[in-house]
Amino acid sequence: RPGPDDRIVVALGDSYISGEGADEYYEGTNTPGQSTCRRAPTAYPPLLILERRVAVPDRLAFLACSGAKTRQVVGPEGVGGTQVAQFLDHVEPADDDIAFVLVSMGGNDALFGAIGHACLLPIDCTDLAPAFRDNLASVGETLDAAYADLRNQLPGIPVLVVPYPVAIYPDRCAESVFSADEHRFLHDFTQE
């Protein structure tokens, strides 16, 4: 917990920013039945704090959690259980306490995991593309509301949105398990 004079960076979001897939996790964040947030010391937020190549505070409130949907990251003021609510339960932020907030959210709402699983099945997952794309409109609305809620709950604090990488080429290579159509769909969907 930061002290009264400590400036901090707050990291909120899902597996992309928590460090899912790392070789090791912070104690207590990879315990089935208790916490599977899988916060890794090799995730972007802790590395940013440790490397400090730019003027970055040396304190981190690391609340990101693997699998989190947007409503679990931030919700309307007074909604408990969100990452923002957890943070505000432990810290009374003054205007100068929080240097900035890093956030990555929306991938679980966009069903990235379900798409990945579907495309690994012995089916052509592009048959499901219309349903996944139809869902994106509601994801956009959810994110708009979440960013507004974040601004209301942490007014005047800069929020930096960390985008998802496009981790697959649009064209298939010989080693890929995905078809050429699936490559194009996965690439384009991630950009959308």
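How many Å² of accessible area per residue for segment 128-192, probe 1.4 Å? Walk me through the numbers before you get to the answer.
Working: 3980 Å² over 65 residues.
On a per-residue basis, 61 Å².
Give me the net charge of Asp14's neighbourhood, meaning all other residues with Cβ under 11 Å from the Cβ of Asp14; Lys, Arg count +1, Asp, Glu -1. Mind dumping the intermediate values first?
Details: positive: Arg38, Lys69; negative: Glu20, Asp109.
Once all neighbours under 11 Å are counted, the net charge is 0.
How big is the Kirkwood radius of segment 87-192, worked out from every pair of different alpha carbons and given in Å to one decimal? Display every interim value, and only then the final one.
On the way: mean 1/r = 0.0621 Å⁻¹.
Taking the inverse mean of 1/r over all distinct Cα pairs, segment 87-192 comes out at 16.1 Å.
Starting from a Cα-only point model with no solvent, please compute log10 I(q)/I(0) by Debye for segment 50-106 at q = 0.17, 0.19 1/Å.
So the normalised log intensities work out to -0.65, -0.78.
What is the chain's relative contact order, in percent, from Cα pairs under 8 angstrom and six or more apart in sequence? Mind showing how you got there, number by number?
On the way: 301 pairs, mean separation 43.9, N = 192.
RCO, the chain: 23 percent.
I want to verify the translational diffusion coefficient of segment 1-156 in µm²/s; compute it with Stokes-Einstein, Rh as the Kirkwood radius over Cα pairs, at 25 °C and 0.890 mPa s. Could you put the intermediate results ahead of the total?
Working: Rh = 16.8 Å.
Once the numbers are plugged in, D ends up at 146 µm²/s.
Would you mind telling me the share, in percent, of accessible area of segment 1-53 contributed by carbon and sulfur at probe 1.4 angstrom?
Working: 1420 of 3320 Å².
The nonpolar share, carbon plus sulfur, comes to 43 percent.
Tally the DSSP beta bridges in the chain and give the antiparallel ones as a percent, rounded to 5.
Values: 1 of 14 bridges.
Antiparallel: roughly 5 percent of the beta bridges in the chain.
Rounded if a/c is under 1.5, else prolate if a/b is larger than b/c, else oblate: which is segment 105-144, with a ≥ b ≥ c the root eigenvalues of its Cα gyration tensor?
Oblate, since a/c reaches 1.5 and b/c is not below a/b.
Give me the mean projected area, in nm² to one decimal, of the convex hull enclosing the Cα positions of segment 10-69. All intermediate terms of the calculation are to be shown ahead of the outcome.
Details: hull surface 16.6 nm².
Average projection, Cα convex hull of segment 10-69: 4.1 nm².
Order the peptides 42-54, 100-112 from the highest to the lowest mean number of other Cβ atoms within 10 Å of their residues.
Working: 42-54: 14.3, 100-112: 21.9.
The densest-packed peptide leads the list: 100-112, 42-54.
The values are calculated or read from the model by the stated rules, or taken from the named source; none is laboratory data. Predicted model, so just to flag it, every value in this text is computed and none were measured. Note that each Cβ is placed from the backbone with ideal geometry, even for glycine, and that neighbours are counted across all protein chains shown. These area figures cover heavy atoms from the full protein model, side chains too; ligands, DNA and RNA do not enter into them. Shrake-Rupley method; radii C 1.70, N 1.55, O 1.52, S 1.80 Å.
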